[in-house]
Amino acid sequence: MEFVHRSVLLLPTVEALAVRPDRIYLDGTLGGAGHSYEIASRLTTGRLIGLDRDETALAAAGARLAPFAGRVTLVHSNFADLAQVLDSLDIPAVDGMLFDLGVSSPQLDDAERGFSYMQDAPLDMRMDRTAGLTAYEVVNTWPEAELKRILYTYGEERYAPRIAAAIAARRTERPIATTLELADLIRSAMPAQALREKQHPAKRSFQAIRIAVNDELGAVERMLASAIDRLNPGGRLAVITFHSLEDRIVKTAFQEAARGCTCPKDFPVCVCGKKPKVKLITRHPIVADEAELAENPRARSAKLRVAEKL
């Protein structure tokens, strides 16, 4: 399947990075290379490092960025490992980083990837097909209590106990092998009033399982722990999130990095010695305008937060 992905908040994100033509930038989520193309086109003697754990996306990005091949380096890697990637390239720090945390449209639309509850496919959901854990293993082998936890925590699914119990009961008869089989089972476990909601009854559960399979929240936390320290002074970190769990992690990390001193308020002087690492460029997240929403409804939940290294 051709990898064509429409980048959300494209120009606001690139503008927020304040790209300078002779500096080094990192795009930790290449996807269809929409953001990377705009960054690379603004470089002269600078360099762009592009990461993606999806090899299909990496190949497509390489083709799209071919006009800038001399200033672009592509790496198959999880963005959580950005420090190791930069070390391997002998780059101590960069002047801007971008992370678009959404699942790209081709991954959602390609039935065989197993992300969709609308098309039948083997239960997979791996962003990196070389990784071991699949949705099949999560659904069929994880304890019922752990299924309930991830459905509630990662999917904010209020019917998590009912759905986890239904999965546990079904798999004693036979493995749950496909996306539509799982979606139908989730639907059957939910009360009638839940089925009258606008969104598909399996949406939250599929999100939760996908997050677990790819350790998405853990990867975001590890990325944030490294990213700020690997920015040059004045360098900017831009992160686009698509659901409240990710946004909460990013918002908290930015606020803590901007705060500095952690001493109790009643201390007359600072004894912790902690200084702010960043200043917040966006006190409130940037969201898509009506024109972008008309062209790309998937941008509706996108939030962009930006911080600058001090």
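In this structure, is T172 among the hydroxyl-bearing types (S, T, Y), out of contact with any His (no Cβ under 7 Å at 6 or more places or on another chain) and modelled with pLDDT under 95?
On the way: among the hydroxyl-bearing types (S, T, Y): yes; out of contact with any His (no Cβ under 7 Å at 6 or more places or on another chain): yes; modelled with pLDDT under 95: no.
Taking the combined requirement at face value, the residue does not satisfy it.
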Quickly run through the stretch 193-214 and pick out the residues that are open to solvent by 20 Å² or more (accessible area, probe 1.4 Å) and either without any contact (Cβ under 8 Å) to a residue 12 or more places away in the chain or of a type in the set (G, A, S) (or both). Q193, L195, R196, E197, K198, Q199
Leading residue by the ranking (farthest from S104 (Cα to Cα)) among those in the stretch 34-55 that are assigned to a helix (DSSP H, G or I) and open to solvent by 60 Å² or more (accessible area, probe 1.4 Å): Y37
Selected residue [under 20 Å from E246 (Cβ atoms) and outside any strand (DSSP E or B)] from R298, R305: R298
Search result, residues across the stretch 181-192 that are loosely packed, with under 15 Cβ neighbours inside 10 Å and either outside any helix (DSSP H, G or I) or hydrophobic (A, V, I, L, M, F, W, C) (or both): P191, A192
In the stretch 138-150, anything open to solvent by 30 Å² or more (accessible area, probe 1.4 Å) and either aromatic (F, W, Y) or closer than 17 Å to G218 by Cβ (or both) is listed as W142, E146, R149
Among residues belonging to the stretch 275-310 that are surrounded by 13 or more Cβ atoms within 10 Å (Cβ to Cβ) and more than 26 Å from G102 (Cα to Cα), point out the one that is nearest to the chain's Cα centre (by Cα). K277
Within the stretch 160-174, how many residues are within 22 Å of D120 (Cβ to Cβ) and either touching a Leu at 6+ places or on another chain (Cβ under 8 Å) or surrounded by fewer than 14 Cβ atoms within 10 Å (Cβ to Cβ) (or both)? 7
Can you run down the residue pairs with Cβ atoms below 7 Å, 6 or more apart or on separate chains, where the first is in the stretch 147-166 and free of Cβ contacts under 8 Å to residues at least 40 places away in the same chain and the partner is polar (S, T, N, Q) and open to solvent by 10 Å² or more (accessible area, probe 1.4 Å)? A166/S188
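Kindly check whether there is at least one residue in the stretch 94-102 that is among the charged types (D, E, K, R), open to solvent by less than 20 Å² (accessible area, probe 1.4 Å) and touching a Lys or Arg at 6+ places or on another chain (Cβ under 6 Å).
Looking only at the stretch 94-102, we keep the residues that are among the charged types (D, E, K, R), and these are 95, 100.
From what is left, the residues that are open to solvent by less than 20 Å² (accessible area, probe 1.4 Å) are 95, 100.
If we keep only those that are touching a Lys or Arg at 6+ places or on another chain (Cβ under 6 Å) as well, we get 95.
Within the stretch 94-102 (the criterion being among the charged types (D, E, K, R), open to solvent by less than 20 Å² (accessible area, probe 1.4 Å) and touching a Lys or Arg at 6+ places or on another chain (Cβ under 6 Å)), the answer is yes, since at least one residue qualifies.
The values are calculated or read from the model by the stated rules, or taken from the named source; none is laboratory data. All figures in this text were calculated on a predicted structure; none of them were measured in a lab. When we count neighbours, we look across all protein chains shown, and the Cβ atoms used for this are built from the backbone with ideal geometry, even at glycine. Just the protein is used for accessible areas: all its heavy atoms, side chains included, with ligands, DNA and RNA removed. Shrake-Rupley method; radii C 1.70, N 1.55, O 1.52, S 1.80 Å.
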